[in-house]
């Protein structure tokens, strides 16, 4: 499995900040001045990837850093230029939020605590057989391929089937959080995200309290539970997982357009 980067990710992986990002000097405007909402975050992500011809199935493209508190909206797109990127090319869009700390972006000022060297990043717990899980729980599956992939629970369970063996019915891979498989091989294509698990919150539950599996708390309905979009817990990578690839055209482009919202 190889990891590739868009133009935005290449800049961010070096620790560069963008307007309004933590660590960049800010100018305090006099109160008589008006704020410019176009420059107030978070902005939509617009990242370009140039295909090398060496990409293969199960490779990952880092699209951009998603900051803690972001909610990725439905309606993202992958666009291509006038030359087809490949004869066969499908990807899924997700993130590595709550994954192994070694896979997260380099720390920035927003991720550091007062104690020097201590970071606020957290990671999901390992999945444990027989444990009761409810929609919104996030775990790491040590037995997945590749190992230690992150999964979000989408149906009540307390069984002995590991997440990777119950994928998409009980557990959804976070690599498909924002879109399941989409075909982006065509020239001049504008392909919308489809599927995904934005409706399931985390990290512990889609609600701020524990509920009995199968039960709906007083004042809530099943539809209410499904209306809680996932909020990014840590700074993490938005990623495209390459599912299938054949005859990739060197130098062609794919542009990722991902709308995001700020949350509390």
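Every number in this text was worked out from the coordinates using simple rules, so none of it is lab data. Since the model is a prediction, treat every value here as computed from it, not as a measurement. Quick reminder, even Gly has a Cβ in these numbers, built from the backbone with ideal geometry, and neighbours come from all protein chains shown.
In terms of other Cβ atoms within 10 Å, 153, 79 run from fewest to most in the order 79, 153. Pairs of Cα atoms nearer than 8 Å and 6+ residues apart set the relative contact order; for the range 147-205 it is 29 percent. Peptides 171-182, 62-73 ordered by packing proxy, namely the average of other Cβ atoms within 10 Å per residue, highest first: 171-182, 62-73.
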